[in-house]
1. Among the residues in the range 22-40, are any part of a helix (DSSP H, G or I), touching a residue at least 12 places away in the same chain (Cβ under 8 Å), surrounded by 17 or more Cβ atoms within 10 Å (Cβ to Cβ) and not polar (S, T, N, Q)?
2. When only residues in the range 69-86 that are among the basic types (K, R) and open to solvent by less than 60 Å² (accessible area, probe 1.4 Å) count, which is modelled with the highest pLDDT?
3. Determine whether the range 107-123 contains at least one residue that is surrounded by 13 or more Cβ atoms within 10 Å (Cβ to Cβ), over 24 Å from L178 (Cβ atoms) and among the acidic types (D, E).
4. Here is a list: L137, L66, L104. Which entry is open to solvent by 50 Å² or more (accessible area, probe 1.4 Å) and in contact (Cβ under 8 Å) with a residue 12 or more places away in the chain?
5. Which count do you get for residues in the range 23-53 that are within 26 Å of S233 (Cα to Cα) and either modelled with pLDDT under 90 or not hydrophobic (A, V, I, L, M, F, W, C) (or both)?
6. Criterion first (of a type in the set (S, T, Y), open to solvent by less than 40 Å² (accessible area, probe 1.4 Å) and within 30 Å of L201 (Cβ to Cβ)) does T160 satisfy it?
7. Say whether the condition of being part of a helix (DSSP H, G or I) and closer than 23 Å to R279 by Cα is met by at least one residue in the range 185-205.
Amino acid sequence: SDLSGIAAAHYAGGLAASTNRCEIRSVDPPVTGLRVIVIEAGARLQIDNQTGVTVDVLPEPGADHLREPIVPAGATARWSDRRIVAAAQAPDPPNHRRAWAIPLQVGGQTVTIHGEQVWPPPPPAGRWWLATGLAALVAAVIGALAIRRRWAAAVLGTATAAIAAAHFTHLVGSTVVLPPDQPLLAMVVGLAGPTIAVWPLAVIGPALAIAGRPSGPMVCGMFGALLALFSASDVVSFFYAVLPFGWNPNLDRAITALIIGGGFGLFLSGILALRAVSRAVPSDVQPRATTD
């Protein structure tokens, strides 16, 4: 059982990027059956208690025992510890590390979790903005060619599907850092939020473009514009070293560059396609000759 519960905001908007991460160095002395891990990209700790006795997370001296869990044998607890939060909010130390310690009472034995907050170097944001601009340029050029070239329309549809797949990968990578309290697909859908409204366009647009329909680039453009709009806040990953992502953080930054840049390029493609279609439609009202 989960004694502390899961904050609803974690599923509604995901976890936030950070300048530092939480690392556990040791549990001293080691206790058989006691497992302590960092979860949710460092936002909380988790205790799995298979020791056969109760584990009590002790508060700071003089503090009330309000948020720290008491974990019965065979149970699991997750919590955000104020000592770790305080270490993370303090100014970045000169050595880019700050130690913290959390005492436990395991039966009649005192055990201490030793850990650190670590500040990795920030990513080169300019490189990722350059990648975003390049993705926008490539998508816009393909879109301009797609107006008159069937092969380019097929490439545009394929590129749109690739951007949609990248977005789904971002959602899955952001979901796997959360505790698996629900089916993975349900968690992905919950994390997607309003972006789920554009998923049908990710199927319809590529299908129409690959089939050579004039409306294909316009639907792809609508998908790209909405996806980039809903995902705009993800560009914070260009500036923060620690991301709530289950795999390599640079993969998430590359995905963000593709989504934002490629989505904007698709938007420009849709505008070009709409203008081309409007010019090709003849006027329904023709001037009538008059005679005196």
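1. Quick first cut of the range 22-40, residues part of a helix (DSSP H, G or I) only: 40.
From what is left, the residues that are touching a residue at least 12 places away in the same chain (Cβ under 8 Å) are 40.
Still in the running and surrounded by 17 or more Cβ atoms within 10 Å (Cβ to Cβ): 40.
Adding the requirement that they be not polar (S, T, N, Q) leaves 40.
Yes, because at least one residue in the range 22-40 is part of a helix (DSSP H, G or I), touching a residue at least 12 places away in the same chain (Cβ under 8 Å), surrounded by 17 or more Cβ atoms within 10 Å (Cβ to Cβ) and not polar (S, T, N, Q).
2. The initial filter retains those residues of the range 69-86 that are among the basic types (K, R), namely 78, 82-83.
Going one step further and asking which of them are open to solvent by less than 60 Å² (accessible area, probe 1.4 Å), we end up with 78, 83.
Details: R78: 92, R83: 89.
By that ranking, first place goes to R78.
3. Among the residues of the range 107-123, not one is surrounded by 13 or more Cβ atoms within 10 Å (Cβ to Cβ), over 24 Å from L178 (Cβ atoms) and among the acidic types (D, E), which makes the answer no.
4. Details: L66 fails: in contact (Cβ under 8 Å) with a residue 12 or more places away in the chain; L104 fails: open to solvent by 50 Å² or more (accessible area, probe 1.4 Å).
Among L137, L66, L104, only L137 is open to solvent by 50 Å² or more (accessible area, probe 1.4 Å) and in contact (Cβ under 8 Å) with a residue 12 or more places away in the chain.
5. Of the residues in the range 23-53, the ones within 26 Å of S233 (Cα to Cα) are 38-44.
Going one step further and asking which of them are either modelled with pLDDT under 90 or not hydrophobic (A, V, I, L, M, F, W, C) (or both), we end up with 39-44.
Counting residues in the range 23-53 that are within 26 Å of S233 (Cα to Cα) and either modelled with pLDDT under 90 or not hydrophobic (A, V, I, L, M, F, W, C) (or both) gives 6.
6. Numbers: of a type in the set (S, T, Y): yes; open to solvent by less than 40 Å² (accessible area, probe 1.4 Å): yes; within 30 Å of L201 (Cβ to Cβ): yes.
So T160 fits the description; yes.
7. So the first thing to find is which residues in the range 185-205 are part of a helix (DSSP H, G or I), and the list is 185-205.
Remaining after also requiring closer than 23 Å to R279 by Cα: 205.
Within the range 185-205 (the criterion being part of a helix (DSSP H, G or I) and closer than 23 Å to R279 by Cα), the answer is yes, since at least one residue qualifies.
Results for (1) more than 19 Å from H167 (Cβ to Cβ); (2) at pLDDT below 95; (3) open to solvent by 10 Å² or more (accessible area, probe 1.4 Å); (4) touching a Gly at 6+ places or on another chain (Cβ under 6 Å), shown as yes or no for each residue.
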{"residue": "G212", "(1), (2), (3), (4)": "yes, yes, yes, no"}
{"residue": "C220", "(1), (2), (3), (4)": "no, yes, no, yes"}
{"residue": "A225", "(1), (2), (3), (4)": "no, yes, yes, no"}
{"residue": "L229", "(1), (2), (3), (4)": "no, yes, yes, no"}
{"residue": "A232", "(1), (2), (3), (4)": "no, yes, yes, no"}
{"residue": "Y240", "(1), (2), (3), (4)": "yes, yes, yes, no"}
{"residue": "L243", "(1), (2), (3), (4)": "no, yes, yes, no"}
{"residue": "L258", "(1), (2), (3), (4)": "no, no, yes, no"}
{"residue": "I271", "(1), (2), (3), (4)": "yes, yes, yes, no"}
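The values are calculated or read from the model by the stated rules, or taken from the named source; none is laboratory data. Quick caveat, the model's predicted, so the values are computed rather than measured. When we count neighbours, we look across all protein chains shown, and the Cβ atoms used for this are built from the backbone with ideal geometry, even at glycine. Ligands, DNA and RNA are excluded from the accessible area calculation, which covers all protein heavy atoms including side chains. Shrake-Rupley method; radii C 1.70, N 1.55, O 1.52, S 1.80 Å.
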